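Right, one structure below, let's go through it.
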Amino acid sequence: ENAAPAIHRLENDLKIIAEQALGMEVCSFKYDSFLNIYNSGAGIKRHAHLGYNDKEFGLANFKYSLVYYLDVGDQDSKNPGLLQFYDPDVSLLPREGLILIFPSSRFHSSFYDGKKKRLMIGVNFYAFPDLG
C-alpha cells in the first residue's frame with residue numbers, strides 16, 4: 001500500500017528474479033512480505049510458512065518463500081545467523097545481497113547474536129506454471 005517508488009521497484013525486481021529462478025509466473029508480493037531487523041539475541045525457531053488454507057486448497061506445492069539479506073550484521077560472533085534448513089539438514093551463512101528462494105513447506109530456523117543489526121526482507125508468494 002506504500003506508494004514509495006523504491007518499494008515498487010524492489011517488488012518488481014524481486015518478482016522478476018523469482019520468475020526467472022523458478023521458471024513460473026509469480027503472484028503479487030504485496031500480501032505477505034516483511035522486514036526483519038535482528039539485534040543481538042534475535043532469532044526464529046524452527047518453522048515453515050504454510051498455513052491452513054495452503055493445505056486445504058491444494059496450494060502448498062505452489063507456495064515459496066524468499067529472503068533477501070540487505071545487511072548480514074556481525075558474522076564474527078558465536079551465532080552469526082546461519083540459516084538452518086531441516087530434512088535434509090543444511091546450514092547456510094548468508095552474505096550481503098543474497099536472495100534465496102525455497103519451498104514454503106521447508107522447515108528452517110536462525111539465531112543471531114552479533115553486535116550489529118541484521119536486516120533482511122522476507123516474502124511468501126505463490127508461483128504457478130504457465131498453463132497457456
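Placing one equal scatterer on every Cα of the stretch 1-40 and applying the Debye formula, the log10 ratio I(q)/I(0) at q = 0.18 Å⁻¹ is -0.60. Approximating the spin labels as points 7 Å out from Cα along Cα→Cβ, the residue 21-to-residue 44 distance works out to 1.4 nm. Near the amide H of residue 98, within less than 5 Å, lie the amide hydrogens of 69, all on another chain or at least 5 residues away, with H placed in the peptide plane. The charge dipole of the chain, taken about its Cα centre with unit charges on the Cβ of Lys, Arg, Asp and Glu (plus for the first two, minus for the last two), comes to roughly 420 debye. Note on residue 130 and residue 36: the extension gain reaches 30.6 nm, defined as 0.36 nm multiplied by sequence separation minus the Cα-Cα distance.
Entry note, the chain: relative contact order of 39 percent, from Cα contacts under 8 Å with a spacing of 6+ residues. In this label model, residue 70 and residue 7 are separated by 1.2 nm, measuring between points 7 Å along each Cα→Cβ vector.
Rg and Dmax of the chain, based on Cα coordinates, read 15.4, 50 Å. Close amide H pairs (under 5 Å, H built 1.01 Å from N) link residue 25 with 128, 130, residues at least 5 positions away or on another chain.
Reported value for the stretch 89-132: 120 Å³ per residue, from the convex hull of its C-alpha atoms. With all protein chains in place and a 1.4 Å probe, the accessible surface of the stretch 34-132 carries 55 percent carbon and sulfur.
The alpha carbon centroids of the stretch 81-125 and the stretch 45-59 are separated by 18 Å. Lys/Arg Cβ at +1, Asp/Glu Cβ at -1, dipole of the chain taken about the Cα centre: which of 125, 50, 91 is farthest positive-ward? With unit charges placed on the Cβ atoms, the residue in question is 91. Think of the chain as a dipole: +1 on every Lys or Arg Cβ, -1 on every Asp or Glu Cβ, centred on the Cα centre; then among 27, 82, 62, 82 lies furthest on the positive end. The distance between label points at residue 116 and residue 95 comes to 1.6 nm (points 7 Å beyond Cα on the Cα→Cβ vector).
Pairs over the 20 Å Cα-Cα cut-off, from the set 78/117; 15/63; 15/55; 63/117: 15/55; 63/117.
Applying 0.36 nm per residue to the separation of residue 107 and residue 52 and subtracting their alpha-carbon distance, the gain on full extension is 18.2 nm. Each residue of the stretch 66-72 was assigned a 3J(HN,Hα) from its phi angle through the Karplus expression (A = 6.51, B = -1.76, C = 1.60, θ = phi - 60°), giving 10, 10, 10, 8, 7, 8, 7 Hz with x at Gly and Pro. Relative to the dominant Cα principal axis of the chain, helix 5-22 is inclined by about 70°.
Quick check on the stretch 24-70: take the gyration tensor over C-alpha atoms, sort the square-rooted eigenvalues as a ≥ b ≥ c, and tell me if it's rounded (a/c under 1.5), prolate or oblate. Cα axes put the stretch 24-70 in the oblate bin. Backbone amide hydrogens, once placed in the peptide plane, bring residue 106 within less than 5 Å of 49, excluding anything fewer than 5 places away on its chain.
The values are calculated or read from the model by the stated rules, or taken from the named source; none is laboratory data. Bear in mind the structure is a predicted one, so any value in this text is a computation, not a measurement. Cβ atoms come from the backbone with ideal geometry, glycine included; neighbour counts cover every protein chain shown. These accessible areas exclude ligands, DNA and RNA; they are computed on the full protein's heavy atoms, side chains included. Shrake-Rupley method; radii C 1.70, N 1.55, O 1.52, S 1.80 Å.
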